[in-house]
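S.K.: First the structure, which I've put down as structure tokens, then a few questions once you've had a look.
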Amino acid sequence: MRVLGLESSCDDTGAAVVSWSNGAGARILANKVMGQEALHAAFGGVVPEIAARAHAEKMDLAVEQALDHADLTLRDMDLIAVTAGPGLIGGVMSGVMCAKGLSAGAGVPLIGVNHLAGHALTPRLTDGLPYPYLMLLVSGGHCQFLLVHGPTTFERLGGTIDDAPGEAFDKTARLLGLPQPGGPSVENAARSGRADRFAFPRPLLDRPGCDMSFSGLKTALLRARDGAVSQDGTLTEADRADLCAGFQDAVCAVLHEKTRRALEIYMAVSPDHPAIAVAGGVAANGAIRAALTSLASEHGVAFVAPPLALCTDNAAMIAYAGLEQYRAGQRDDLRLGARPRWPLDTNSAPLLGGGKKGAKA
Ligand code: KG4
Ligand code: ZN
């Protein structure tokens, strides 16, 4: 079976071809991602209208390049899988309309995929992880714990009630005059810093459960930065390093403790091959990875971090999720709609706060 995947929910236009066979399992034949960073750089964030136009302009090109790379044509495809939400509505519509056109034109079946399911099923594409496994999604737009029971069965154990960690890293970098994306700059600066110089809060650790909050860290950082400036007359390199180290340490501590709690819930379902997997750009952070790796080994659980190109937004994960869901009997047709909001687990308890805000919700 060969699947064409399309992704356009935020600021990456993606097209990919994934194949599957009984003997060889899943293979990525092409995975084309066209980023839009340059288009949004001047605005300090993703501009939905600009993103949607760029997706509409580039999607057919991305599809063409992916098919060329795989040395296949549209008529060789057995399925077209497209991100149908959640995300910025204009971008999602661009992808869905393109996929419908390709499906109708070539007579290939169509399936709409939840973007978060794409992330959550990636460890099966890369490492063949058996169900059920625990997934921590940590990116610029997402932060949640999921028990992945099957291709369409996700149990949400908790998540952020405000900012995602990546967003907090990006804001921290902006407040300290470090370059974007903030994650790598903050991690770099933190290497030479002292984490204990400034007191950062550990939000929601005093509350039971797996929900998290990261927006308070940014306020704490702002206050600590202003304190350092008034003390030193300016923000020195050492101040920057200490602030980054303190901030990163707080994020690590929160993720470590909340993951420990999520693991407890997961282990209670007695999985045969227990594993925790991560996805999202923040999974690139060395300190966070180290914290999660040692936690996993303490609990005798495998730790799986797919390669970064498959942790961040891409269409191979959408093609793969579509493939699994199609094989499980899911079908869509030309009535498929774009959904700006689409929770993976509709049965989970409502969030403590207002839920995810921002472009990458
Ligand atoms: O998954 P991603 O590419 O995009 C979405 O949010 O969908 O994640 C991007 C986020 C950015 O906020 C970036 O600052 C963060 O991941 N990030 C990091 C690191 N590398 C990227 N955060 C912390 N440490 C890093 N090394
Ligand atoms: Zn994503």
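S.K.: Scan the range 31-49 residue by residue and report those that are surrounded by 16 or more Cβ atoms within 10 Å (Cβ to Cβ) and assigned to a helix (DSSP H, G or I).
M.R.: 40, 48
S.K.: Filter the range 70-89 for residues that are open to solvent by 30 Å² or more (accessible area, probe 1.4 Å) and either polar (S, T, N, Q) or under 20 Å from residue 51 (Cα atoms) (or both) and give the result.
M.R.: 73, 89
S.K.: Go through 315, 302, 359 for me and flag whichever is open to solvent by less than 40 Å² (accessible area, probe 1.4 Å) and modelled with pLDDT of 95 or more. Walk me through how you get there before you give the answer.
M.R.: Values: 302 fails: open to solvent by less than 40 Å² (accessible area, probe 1.4 Å); 359 fails: modelled with pLDDT of 95 or more.
The unique qualifying residue is 315.
S.K.: Moving on. Condition first: assigned to a helix (DSSP H, G or I), open to solvent by 10 Å² or more (accessible area, probe 1.4 Å) and not charged (D, E, K, R). Now tell me which residues in the range 100-122 satisfy that. Explain how you work it out, then say what you get.
M.R.: First, the residues of the range 100-122 that are assigned to a helix (DSSP H, G or I): 100-106, 115-122.
Okay, now just the ones that are also open to solvent by 10 Å² or more (accessible area, probe 1.4 Å), so 100-106, 116.
Correct list: 101, 102, 103, 104, 105, 106, 116.
S.K.: Modelled with pLDDT of 95 or more, outside any loop (DSSP other than H, G, I, E, B) and buried (at least 16 other Cβ atoms within 10 Å of the Cβ) - does that describe any residue in the range 333-345?
M.R.: no
S.K.: If residue 59 satisfies every condition in (1) assigned to a helix (DSSP H, G or I); (2) over 22 Å from the mean Cα position of the chain (by Cα); (3) closer than 25 Å to residue 2 by Cβ but one, which is the exception?
M.R.: (2)
S.K.: Among 19, 103, which is over 24 Å from the mean Cα position of the chain (by Cα) and farther than 30 Å from residue 166 by Cα?
M.R.: Being over 24 Å from the mean Cα position of the chain (by Cα) and farther than 30 Å from residue 166 by Cα holds for just one of 19, 103, which is 103.
The values are calculated or read from the model by the stated rules, or taken from the named source; none is laboratory data. Small disclaimer: the values here were computed from a predicted structure and weren't measured. Please note: Cβ atoms are built from the backbone with ideal geometry, for glycine as well, and neighbour counts cover all protein chains shown. In case anyone asks, the SASA skips ligands and DNA or RNA and just uses the protein heavy atoms, side chains included. Shrake-Rupley method; radii C 1.70, N 1.55, O 1.52, S 1.80 Å.
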